[in-house]
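Novice: Here it is: the structure, laid out below.
The values are calculated or read from the model by the stated rules, or taken from the named source; none is laboratory data. Treat the numbers as computed from the prediction; the structure is a model and nothing was measured. Cβ sites come from the backbone with ideal geometry, for glycine too, and all protein chains shown count toward neighbours.
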Amino acid sequence: MRNQLASLIVLLAFPALLSAQRNNIIKLDLHAPIFRTGIVTYERVANENVSFLLSVLYSDKTQEMSNSDYLTRIAVTPEFRYYLQDFAAPRGFFVGGYLRYQWMRSEQLSYGYDSSTGLSYSTGYTSKEISTFGLGINVGIQEVFKDRIAVELFIGPLWNSGDEQRDLSDPTSTEPNERFKPYVGYFMRTGVNVGIAF
């Protein structure tokens, strides 16, 4: 009888325990695949107003949204988030701050010039690699439906290192990291994420 009573208590308490333990969310960015990019984010709720996130980005030889012929990117982004609503995180409006480490490899098609024929020709791809560090803030909103499905929208500015400017005293010089733009210097980071809370 004692074992049956204990089993009944566990069965009755199990849904409440599951609900109480849903302090974790795994999310995928919905618009990243348009640019052949994958972004996965893990969010852990620390208390009623605060959560911590870790995002990983991978993009393999994309041609869109960059000045390179091909650009490969890997980025890791730890984030702190503060929820502004009266109800508990991870629901409601939030403000956040984050750091970002990013590694990129650019592949650019180079050309030579044959003075005897007056024609240009391809000399193949030249590659260049760079590591950058960034700092940003964002604002957004997240809702959790049926205590399980998380939907999130956010936007905010990000500054990344690596934006080497051209030498203004030499008009023939070019910006050495132009091929990595817009992912060096300032740009806007946005996200449309859907995830599972557990």
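Novice: Taking the criterion of being at pLDDT 95 or above and surrounded by 13 or more Cβ atoms within 10 Å (Cβ to Cβ), would at least one residue in the stretch 3-24 satisfy it?
Specialist: Yes.
Novice: Would you check which residues across the stretch 81-102 are over 16 Å from Arg44 (Cβ atoms) and touching a residue at least 60 places away in the same chain (Cβ under 8 Å) and list them?
Specialist: Arg100, Gln102, listed by residue number.
Novice: Can I ask one more? Against the condition modelled with pLDDT under 95 and surrounded by fewer than 14 Cβ atoms within 10 Å (Cβ to Cβ), how does Pro33 come out, does it pass?
Specialist: Considered against the rule, which asks whether it is modelled with pLDDT under 95 and surrounded by fewer than 14 Cβ atoms within 10 Å (Cβ to Cβ), Pro33 comes out as yes.
Conditions tested, residue by residue: (1) farther than 21 Å from Glu43 by Cα; (2) in a strand (DSSP E or B).
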residue: Ser68; (1), (2): yes, no
residue: Arg73; (1), (2): yes, yes
residue: Glu79; (1), (2): no, yes
residue: Ser120; (1), (2): yes, yes
residue: Ser131; (1), (2): yes, yes
residue: Gly140; (1), (2): no, yes
residue: Val144; (1), (2): no, yes
residue: Ala150; (1), (2): no, yes
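Novice: Within the stretch 37-57, restricting attention to residues that are under 13 Å from the mean Cα position of the chain (by Cα) and modelled with pLDDT under 95, which residue is surrounded by the most Cβ atoms within 10 Å (Cβ to Cβ)?
Specialist: So, considering only residues that are under 13 Å from the mean Cα position of the chain (by Cα) and modelled with pLDDT under 95, the one surrounded by the most Cβ atoms within 10 Å (Cβ to Cβ) is Thr37.
Novice: Okay, next question. Considering (1) modelled with pLDDT of 95 or more; (2) touching a helix residue (DSSP H, G or I) at 6+ places or on another chain (Cβ under 8 Å); (3) not charged (D, E, K, R), say which one Gly134 fails and leave the rest.
Specialist: With (1) modelled with pLDDT of 95 or more; (2) touching a helix residue (DSSP H, G or I) at 6+ places or on another chain (Cβ under 8 Å); (3) not charged (D, E, K, R) applied to Gly134, the lone miss is (2).
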